[in-house]
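Beneath this line is the structure, given in structure tokens, with notes to follow.
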């Protein structure tokens, strides 16, 4: 399968040094809402969006699920709203709507509770990713529910890929124009089957994805970070220099093979 992604977001870039490197490299950036500083929310990320950069902001719900922690949605929404208000290019911003991993009923409850907020983001042209969690309803019916609750289909259907992920059979129940694969960029056999199923009913649909880019590249970054610094970038930290250097030859654009 050819590279299906319009954008593959390099997630894990929430720290100041890593985000600076990713922005300098010009790659699609992925961050977590509750890990960002005010400088990133009000300056660095809006500037990048206005320059044409693509930014994916995760709510942190999956990490909360893993750690069995409750979500502070007010804090997440503050970050979303601040980014939206600071940029002139909201269409370059992708944000994840509230959800509960593996719990369809609870996710629907959050959509109803925060429908006004979510419809406001959609109306302002933000790319809102709506995670379709598994449950009693089929994926297709869950998508219909989202359209009913938000009174719009101008959102992105989020396809979970990790715990509680939907199957290729689930994907065959979906008709939509825009999809985002949550947490997976590499084209594994399982993901390829899901994309094939989605493409069958949705020719011409847009596909994007995100995954933690840093985690599997820490050894490479560490090796460069401890070597002689690049004197052309004396004002940058060694960490920023190292991450940018690895991005130059091992970004998702480089790694995905046709």
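The values are calculated or read from the model by the stated rules, or taken from the named source; none is laboratory data. Remember, it's a predicted structure, so these values are computed and weren't measured experimentally. Heads up, the Cβs are rebuilt from the backbone with ideal geometry, glycines too, and the neighbour counts pull from every protein chain shown.
Quick notes
- Any chance residue 57 is out of contact with any strand residue (DSSP E or B) (no Cβ under 8 Å at 6 or more places or on another chain), without any contact (Cβ under 8 Å) to a residue 40 or more places away in the chain and not in a helix (DSSP H, G or I): no
- Subset of the stretch 66-75 (residues that are in a loop (DSSP other than H, G, I, E, B) and surrounded by fewer than 18 Cβ atoms within 10 Å (Cβ to Cβ)): 68, 69, 70, 72
- Test: residue in the stretch 206-214 that is at pLDDT 95 or above, surrounded by fewer than 18 Cβ atoms within 10 Å (Cβ to Cβ) and within 23 Å of the chain's Cα centre (by Cα): yes
- Scanning the stretch 186-198 finds one or more residues that are within 22 Å of residue 246 (Cβ to Cβ) and either in contact with a helix residue (DSSP H, G or I) (Cβ under 9 Å, 6 or more places away or on another chain) or surrounded by fewer than 12 Cβ atoms within 10 Å (Cβ to Cβ) (or both).
- Residues considered: 124, 141. Of these, the only one that is modelled with pLDDT of 95 or more and either more than 19 Å from the chain's Cα centre (by Cα) or buried (at least 21 other Cβ atoms within 10 Å of the Cβ) (or both) is 141.
- Where a residue in the stretch 102-128 is under 14 Å from residue 158 (Cβ atoms) and its partner, wherever it lies, is in a helix (DSSP H, G or I) and modelled with pLDDT under 95, with Cβ under 8 Å and at least six apart: 102/65
- Extreme residue, farthest from residue 51 (Cα to Cα), among residues of the stretch 76-103 that are surrounded by fewer than 19 Cβ atoms within 10 Å (Cβ to Cβ), at pLDDT 95 or above and out of contact with any helix residue (DSSP H, G or I) (no Cβ under 8 Å at 6 or more places or on another chain): 78
- In the stretch 132-153, the residues that are over 13 Å from residue 97 (Cβ atoms) and either in contact with a strand residue (DSSP E or B) (Cβ under 6 Å, 6 or more places away or on another chain) or assigned to a loop (DSSP other than H, G, I, E, B) (or both): 134, 135, 136, 137, 138, 151, 153
- Flag for residue 12 being in contact with a strand residue (DSSP E or B) (Cβ under 9 Å, 6 or more places away or on another chain), at positive phi, touching a residue at least 40 places away in the same chain (Cβ under 8 Å) and crowded, with 17+ Cβ neighbours inside 10 Å: yes
- Filter pass, residue 106 being more than 17 Å from the chain's Cα centre (by Cα), surrounded by fewer than 16 Cβ atoms within 10 Å (Cβ to Cβ) and either at negative phi or modelled with pLDDT under 95 (or both): yes
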